[in-house]
Each structure stands twice: as C-alpha cells, then as structure tokens.
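Take a look at the structure set out below.
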Amino acid sequence: GGKNLNDHALVEVLANEAKNGIEWLKTIDANLSQVGSFGGASVKRIHKPVNDEGKTVAVGSYLVPKLTKAAEDKGVQFVMETAATELVVTDGKVTGVKAGDTTYTGKAVILATGGFAANTEMVLKYKPSYEGFVCTNAPGMTGDGIVMATAIGADTVDMEQIQIHPTVSQETSALITEGLRGDGAILVNSEGKRFFDEVGTRDAVSAAEVAQPGGFAWLIVDNKMVEASSVIAGYIKQGLTVEGADVEALAAAMGVDGAALVETMDKWNACVEAGKDEEFGRTSFANKLDEGPYYAIKVAPGVHHTMGGLKINTNTEVLDASGNVIPGLYAAGEVTGGVHGANRLGGNAVADIIVFGRIAGQQAAAYAN
C-alpha cells in the first residue's frame, strides 16, 4: 500500500506486532472484536469495536477513553490546553519540554503529537496542489512535535507524502469512515453511475472522484447497513444524509437521474450476487443494497493524514540528519514518517499508534532506568 517508499524495517515491526497490540488492548478492556474490509485491503483485516448491541462504533471514540482510564489508573497526570513549544536538551540528551512558563523534566521524552494536516501553511509547503481542500483532523494537528524536534537536529522523512481521504463532507469537514465502503456501500457520481472500485486505495479513489463532474460523489447505503452500524446512525442524526424510501425517491433527494440510479443499483446487486465486478474489478462484497429506506452522503476528498514526519528506528528512537540516535527522545504515531510510505492503508494508523506507542513506552522506560 505504501508503494515501496516505506522503511521496510518499520513495516515488518508494524505487521509482526499488530496481533500483540490487539491482545494487549484486551487487557485494558478494549476489544476490537469485529473484522472487516477497508480500502486497499485484499482480505478482511480491519479490527473494529462494537457496542453492547453488536453495532459497529467509531474506533477513536471507543479507544481514547479506555486508554485514558488505563493511564489514569497508573497515576498519569494530564495537563490540558497547554501548548508545548520547545524540547529541553541537557548535555546532549533530551530531558524535558517547555510549555509556556513551565518546564516539565524527565529522563526521557516521547513525542506522540500527531501529524500536521491541520496546519494549512505546512501542508501547502509540501503539497501546493492541495490549496482549498478541507481537513478532517482535530485543530491541534499542526505539526508542533516535528517543529520542536527538528529545532534540535532531528531528521524527517517523506514530508511531501500527504494523504487525502475520498469520503469527506465538504460542508462540515466530517470524515465518513471507510468502513462503510468496506461493509458494502457504493459511490456514484452526479449522473447516478458508479465510476471506480470503491475499496481501492485512498489516493486512487480520491483521484477518481476529483475526475467526476463537479469533483464529488454520493456514498450510498441501505437500511440493513444502518441497522448494523451506530456510526451511520450518527451521520443521519448529524444531518449529513439525504433519504429516500426507495431508489427513485433517493435519486430525487440526491438530484440525480432516477432511471440511471435504479440501473446502477440493480447492476451492483447483481455483482454482489455473482461475487464479481466485471466493470471496475471490486473484490469486496457484502450484502446487497436492497432494503429501503436508502441513504446517501455527498462526499469529496479532504486532507486526512500526513505520512511523513520524524525519522525513527525500530526502537522508536528519533534520529538526526546523520542517522545518529538523539538520546532520550522517542516518537510514535503520525508525528513519525517511514511507516506508511506514499499511502496509508485504512486502519493502519490505529495499528501504528498502538504498536509503536507500546515500543516507545518500553524503550523510554528502559532508557530511563
């Protein structure tokens, strides 16, 4: 998925340790029990959580409270709304971080500050063609960890590799999860026609959308998918969908040709029944889209993930421009580069933060001791 731009040693760690990460999550009552398909995946390999009713829930809002509680149970102190601005270096070793008038010191520092997708100036520095794109990220994703680390000599890698996600609500910047397409949703253009393999890699699907009339698409699901997913129910509640009791009514709500959409849906359901998509080569099939009411969400690409960042080794130690370890400094997650290469496969950011976050904790603790 990373088009061989990845650091292969980091990819091996990600793949080999993912299962252990899932097993570790169970020890903090975080169970990713459902396995499904995502874009760019040839088999079902995306582990997702479900609620007590067995419905799929969003992985972030599920994991973060459980990770937070696990940290609080260990006595971790959280300092909120406090911007870190500078790393402290003592005798060539990183020993703390400055935040406003306060300096926090320790025997090691782990940077887990995320990427820079919400920093428009930084994004356009590396990808001027993304001018005008909305961003799916939280406003704090401004690359501060990268800036602080490079200020003390840290190296970066793949900074120009910035991912756009194909299904983003342009009015709200809300990310519409890739899991919907993996579970059977389809994309149609303004003419009511499919135009691409919906579970292709994010860069490919995004490019196909941009090439459509108006540069957007409609993501379509049926009532069976709604009943199985609290995530979709959330989109409906947020007012992101249009609805139709049948396909013709949905077409009217979308403003597309009714006959064309009916033909598209019939052809898609035939593909599901046959297990083969002659037109676009999709290989991921779920249930037919044949139970009303039907729902559609208008989507287009948005800046979503920055694959580039600080250069690390397999121990998550941050490296300088000469390839030397910066003592006392570790990094994990989207603040780092090299793991995902030219394209991050859906779900792999969660694997990234769990796998390399655990390694960073273990390595920093060993260093401090």
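A few points about this structure:
- Residue match in the stretch 129-150 (condition: part of a loop (DSSP other than H, G, I, E, B), surrounded by 22 or more Cβ atoms within 10 Å (Cβ to Cβ), in contact with a helix residue (DSSP H, G or I) (Cβ under 8 Å, 6 or more places away or on another chain) and among the small types (G, A, S)): yes
- Among the residues of the stretch 2-39, the ones that are in a loop (DSSP other than H, G, I, E, B), in contact with a Lys or Arg (Cβ under 7 Å, 6 or more places away or on another chain) and surrounded by 12 or more Cβ atoms within 10 Å (Cβ to Cβ) come to 5 in all.
- For L87, the conditions (1) touching a strand residue (DSSP E or B) at 6+ places or on another chain (Cβ under 8 Å); (2) assigned to a loop (DSSP other than H, G, I, E, B) all hold with the exception of (2).
- Condition check for T314: in contact (Cβ under 8 Å) with a residue 60 or more places away in the chain, of a type in the set (S, T, Y) and outside the structural domain of S173 (by TED's automatic domain parsing): yes
- The condition (being of a type in the set (D, E, K, R) and at pLDDT below 95) is satisfied by just one residue among K98, K48, K69: K48.
One line per residue, one yes/no per condition, for (1) among the β-branched types (V, I, T); (2) surrounded by 14 or more Cβ atoms within 10 Å (Cβ to Cβ); (3) under 26 Å from Q163 (Cβ atoms):
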| site | (1), (2), (3) |
| --- | --- |
| E72 | no, no, no |
| E86 | no, yes, no |
| V89 | yes, yes, no |
| G92 | no, no, no |
| T95 | yes, yes, no |
| K98 | no, yes, no |
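- In the set (1) surrounded by fewer than 24 Cβ atoms within 10 Å (Cβ to Cβ); (2) modelled with pLDDT of 95 or more; (3) touching a Ser or Thr at 6+ places or on another chain (Cβ under 7 Å), the condition left unmet by F195 is number (3).
Table: residues versus (1) closer than 17 Å to G2 by Cβ; (2) touching a strand residue (DSSP E or B) at 6+ places or on another chain (Cβ under 8 Å); (3) of a type outside the set (S, T, N, Q); (4) assigned by TED's automatic domain parsing to the domain that holds A112.
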position: G328; (1), (2), (3), (4): no, yes, yes, yes
position: A332; (1), (2), (3), (4): no, yes, yes, yes
position: G338; (1), (2), (3), (4): yes, yes, yes, yes
position: N343; (1), (2), (3), (4): yes, yes, no, yes
position: A351; (1), (2), (3), (4): yes, no, yes, yes
position: F356; (1), (2), (3), (4): yes, yes, yes, yes
position: I359; (1), (2), (3), (4): no, no, yes, yes
position: Q363; (1), (2), (3), (4): no, yes, no, yes
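- Scanning the stretch 257-275 for residues that are closer than 18 Å to G182 by Cα and loosely packed, with under 13 Cβ neighbours inside 10 Å yields E273, A274, G275.
- Flag for A368 being of a type outside the set (V, I, T), touching a residue at least 60 places away in the same chain (Cβ under 8 Å) and either under 22 Å from L87 (Cα atoms) or touching a Phe, Trp or Tyr at 6+ places or on another chain (Cβ under 8 Å) (or both): yes
- Here is the figure for the stretch 23-66: residues that are in contact with a His (Cβ under 7 Å, 6 or more places away or on another chain) and in contact (Cβ under 8 Å) with a residue 60 or more places away in the chain total 0.
The values are calculated or read from the model by the stated rules, or taken from the named source; none is laboratory data. As the structure is a prediction and not an experimental result, all values here were calculated from the model. Heads up, the Cβs are rebuilt from the backbone with ideal geometry, glycines too, and the neighbour counts pull from every protein chain shown.
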